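Worksheet: one structure, shown below.
The values are calculated or read from the model by the stated rules, or taken from the named source; none is laboratory data. Remember, predicted model here, so these are calculated numbers, not experimental data. When we count neighbours, we look across all protein chains shown, and the Cβ atoms used for this are built from the backbone with ideal geometry, even at glycine.
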Amino acid sequence: MSTPPDVKPRSDELVARVLRVFPFILLLGLFAALLRSATVPVDNADTLFHLRFGHEFLTDWSLRHPGSVSSLATSPWVPTQWLSEVVFARFEDWFGLRGVAWLTGLQVLTFGLVLFGACRRWGSPQAAIIPTLLAVIAAGGGLSGRPQVLSYVLVVVVTDAWLRTRRDARVRWWLIPLTWVWTMLHGMWPVGIVIGLVAVAGGFPEHRTLRQSARELAVPLLSLVAAGLTPLGLASYGGVVAVGSRASYIPEWAAPDFTTIGPLALAAMFSALLLIRVRTGGMSWSETLLLLLAGGWAVYSGRTVAVSAAVVAPLLAQALQSVLPPRQRVTRRERRLVLGGFVAGLVALAALLPLIDVTPSQKPGIDPALDDLPAGTLVLNQWVDGGYLMWRHPDLDIGMHGYVDTYTEPEIDRLVALLDTAPGWERTLASTGASYALLVPDSALAERLQSELDWQVVQSSPDLVLLTAPSGAR
């Protein structure tokens with residue numbers, strides 16, 4: 001029995017329709033997954049200490065001479081992300097922690113949208129969705145309520161802008177004021193300037209025009225000047241150096257582990273890009289240099305894995321498009337679908353958050369005891385708890401918190417040694433003058449404070465114990 005002649009054309013049409021729609025189904029699913037991260041308690045330690053700093057800047061802290069929330073942190077420091085902190089704190093003032101959660105959703109969803117938009121510029125929806133998904137996976141835990149997400153967004157924007165310049169030779173002068181804003185949002189702004197310098201270097205062998213190269217070079221150079229014209233002035237440059245000097249104390253600045261999912265997704269992006277380009281005839285100079293730059297960031301640290309993915313994503317979209325049918329133009333219907341999904345997701349999040357408790361409850365049973373302590377009381381604590389404590393108990397003097405820029409390097413070393421009860425810990429303890437400590441019950445310091453110095457339990461929970469020194473030692 002023969003097949004009717006119109007069955008195969010109809011089948012082909014159905015397959016083609018599914019292939020056209022499937023990337024957008026994946027994109028909307030990605031939007032939903034990203035928004036889900038904003039429906040959990042706001043308990044990220046970094047989010048909480050950024051909130052505290054934002055409130056301090058809204059009250060009496062000066063940008064040029066910010067204060068400290070710990071008497072044990074005495075280093076002069078530069079607020080490299082003050083504008084983000086102020087916006088987050090203002091949202092908390094207006095809407096409570098649900099406002100912070102919504103703003104977190106806006107950040108991470110914008111990263112997904114900008115990624116897809118940049119990749120879609122260079123490829124079909126099918127070519128764009130793959131690097132978008134992989135880049136989001138590579139960014140992983142970095143997509144949270146932290147200012148660094150804005151840097152990831154802007155890395156995509158800057159990379160896409162320079163790739164467009166390589167295509168049409170138009171200089172994007174708007175990158176200069178963008179850098180000015182970026183400098184106030186997060187301390188990773190030099191990444192954008194480095195991308196520009198690499199793109200200019202790669203462009204000269206392609207167009208071989210000194211005049212064009214000079215015009216392009218003016219953008220990163222003037223961007224560097226613009227960074228010094230923010231309210232922080234020249235201190236913006238020093239802030240970058242200060243952060244870099246403390247990188248060894250921050251776990252996410254350690255080398256990435258390529259057995260974990262984020263770096264593995266990034267490795268898949270590099271592998272796919274190189275395989276395709278080897279088979280299709282190689283890359284341009286600018287693409288090659290940008291890929292090398294991204295490779296450096298890929299192995300430099302866990303935090304810069306997301307930066308690397310943001311650079312590689314549009315390059316991978318270009319490569320994938322080279323082995324796919326011709327790219328379709330972005331239609332009005334597609335634009336409405338993508339932007340509509342973005343807006344609908346944010347509206348749905350705003351409607352859902354009032355039904356969800358996003359308040360962190362990391363210290364059940366301990367908070368009331370801490371509330372009873374006199375204002376200004378110094379409390380020794382684990383680093384990991386500092387963000388929560390400085391947000392939840394702003395009247396206390398919190399010994400250790402994660403914003404290490406505010407500590408000198410010797411101070412960090414001494415406090416780490418104190419928690420480990422390394423030789424000399426008793427002298428360090430005495431020098432702090434602390435009479436309260438909030439520690440893990442079986443930690444080295446908690447055990448030795450009780451067994452050797454007769455510190456007493458004020459309050460305890462399964463995870464933490466609040467200790468106080470003997471009355472005569474206070």
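Figures for the structure shown
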| item | result |
| --- | --- |
| Number of the exception - Ser62 against (1) of a type in the set (Ser, Thr, Tyr); (2) assigned to a helix (DSSP H, G or I); (3) more than 26 Å from Phe22 (Cβ to Cβ) | (2) |
| Residue within the range 161-179 that is within 29 Å of Tyr237 (Cα to Cα), touching a Leu at 6+ places or on another chain (Cβ under 7 Å) and buried (at least 24 other Cβ atoms within 10 Å of the Cβ) present | no |
| Flag for Glu287 being of a type in the set (Asp, Glu), closer than 20 Å to Gly203 by Cα and assigned to a helix (DSSP H, G or I) | yes |
| Residue in the range 139-147 that is surrounded by 24 or more Cβ atoms within 10 Å (Cβ to Cβ), part of a helix (DSSP H, G or I) and in contact (Cβ under 8 Å) with a residue 60 or more places away in the chain present | yes |
| Answer residue from the range 417-467, given it is without any contact (Cβ under 8 Å) to a residue 60 or more places away in the chain, in contact with a helix residue (DSSP H, G or I) (Cβ under 7 Å, 6 or more places away or on another chain) and in a strand (DSSP E or B) and is farthest from Val379 (Cα to Cα) among those | Val465 |
| Residue count, the range 383-420 (criterion: over 24 Å from the mean Cα position of the chain (by Cα) and small (Gly, Ala, Ser)) | 2 |
| Residue check for Ala214: free of Cβ contacts under 8 Å to residues at least 12 places away in the same chain and out of contact with any helix residue (DSSP H, G or I) (no Cβ under 9 Å at 6 or more places or on another chain) | yes |
| Candidate set from the range 349-391 (those that are in a helix (DSSP H, G or I) and without any contact (Cβ under 8 Å) to a residue 12 or more places away in the chain); member that is farthest from Val458 (Cα to Cα) | Ala351 |
| Candidates Ser471, Ser460 - the one that is over 15 Å from Leu418 (Cα atoms), of a type in the set (Ser, Thr, Tyr) and under 35 Å from the mean Cα position of the chain (by Cα) | Ser460 |
| Qualifying residue in the range 106-122 (condition: over 30 Å from Leu324 (Cα atoms), in a helix (DSSP H, G or I) and of a type in the set (Ser, Thr, Tyr)) | no |
| Close pairs from the range 166-184: first assigned by TED's automatic domain parsing to the domain that holds Thr80, partner surrounded by 19 or more Cβ atoms within 10 Å (Cβ to Cβ) and charged (D, E, K, R), Cβ under 8 Å, at least 6 apart | Val171/Glu216 |
| Among the candidates Val358, Val307, Val338, residue that is aliphatic (A, V, I, L, M), crowded, with 17+ Cβ neighbours inside 10 Å and not assigned by TED's automatic domain parsing to the domain that holds Val153 | Val358 |
